[in-house]
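Reviewing the structure listed below.
The numbers here are math on the coordinates, done by the rules we state, and not lab data. Model, not experiment: these values are computed from the prediction. Heads up, the Cβs are rebuilt from the backbone with ideal geometry, glycines too, and the neighbour counts pull from every protein chain shown.
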Amino acid sequence: MAIIKGIADTLDTEVARFSQAPLRQPVLMNSIPKGGTHLLRNILRMFVPVDQHHARDFIQIPNMHEHLDALDPSAPKLAMAHLLFDDQSVANVRYARHIVLVRDPYDWVIARARFHVSDAFEQPNLQHLKIPGLFSSDVLLNMMIFGIHQKVPALTDIYTHNAVAWLGTGVHLVRYEDAVQAVQNLESAESEAFFASLLDAAGIDRPDDWRERVAVGADRKRSRTARENLVLPQGLQLPDTLPETQRRLIDVHVPGLRALLGYD
């Protein structure tokens, strides 16, 4: 079982500073793990009363039975998930407004590698990945693409079951890169259109102070998994952009995936 550590979450205090309208339907923000989840999660929290935040855990297949209250239409909540597509998942989320967050696989591989070897992630059978000098950055990137037998799922499995299989079922697809661009250009028409669409998908009426709320929620200092808040093993340097060889490996491993998600 993995243990996720990091800085304490203090965003609820900021949420309480703003006037909040209660949710009328459950909202499920479902994402690719390491797909920018905390950015979108913290932004959406700024528009929902704290008592409607389902904060116990991320909903996943193994623990879904413990979190059915988060999807109860009679008591709407804002919940986060890394939820695979299957018959039980579909049945349980049928009353929720469903947002699916993805990230460009080229960048996701680097983010995933960084998180797995960081101080914020502990999993007993993966601790050896953090041993300085044992694995090069290229080896770690390949592990994130192809997986590690019985320890880490391959890229194709995660993207297929966490995102692709949900497409065409009424979900609202969000690309992490579009969210980042919108956050960085809050005064632009494109940003206004992005957040109007996002909030509409969540069933949230956009307040006049939406820009201020987004700016607070998007503050990277509040994200426990933001790149600058992670400590890596001594001497390990991961690239800022994915090397050409690994790009080609992804294209062979999951041909057509980036185009399907709007990245190519």
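Odds and ends about this structure:
- Residues in the range 102-128 that a label on Q150 would reach, taking backbone N under 17 Å of a point 7 Å out along Cα→Cβ: 124-128
- In plain terms, the bigger the Kirkwood radius, the slower the diffusion; for the range 112-262, with that radius from Cα pairs, at 25 °C and 0.890 mPa s, Stokes-Einstein puts D at 135 µm²/s.
- Estimated distance in nm for a label pair at R56 and T169, the labels positioned 7 Å out from Cα along Cα-to-Cβ: 2.2 nm
- Helical runs (DSSP H, four residues minimum) scored at -39500 (n - 2.57) apiece and divided by the length of the chain put the mean residue ellipticity at 222 nm at -10000 deg cm²/dmol.
- In units of the rule-of-thumb radius 2.2 N^0.38 Å, the chain shows an alpha carbon radius of gyration of 1.00.
- Over all distinct Cα-Cα pairs of the range 49-157, the Kirkwood formula returns a hydrodynamic radius of 16.2 Å.
- Using a Förster distance of 22 Å, the FRET efficiency for D264-D200 (Cβ separation, nearest 0.05): 0.20
- Counting lysine pairs in the chain that sit 8 or more residues apart in sequence, or on different chains, and whose Cα atoms lie under 25 Å apart gives 11.
- Using the Cβ-Cβ distance between V90 and D12 with R0 = 30 Å, the FRET efficiency computed as 1/(1 + (r/R0)^6) comes to roughly 0.45.
- Site pair Q234 and D251 shows an inter-label distance of 4.0 nm when each label is modelled 7 Å from Cα along Cα→Cβ.
- Estimated at 0.36 nm per residue, the fully extended path between L134 and A21 surpasses their Cα-Cα distance by 35.5 nm.
- Choice from I145, I158, I110 with maximal GNM fluctuation in the chain (Cα, 10 Å cutoff): I158
- Bridges between two residues of the chain, per DSSP, are antiparallel at a rate of about 15%.
- Hull shadow area, averaged, the range 18-88 [alpha-carbon convex hull, nm²]: 4.9 nm²
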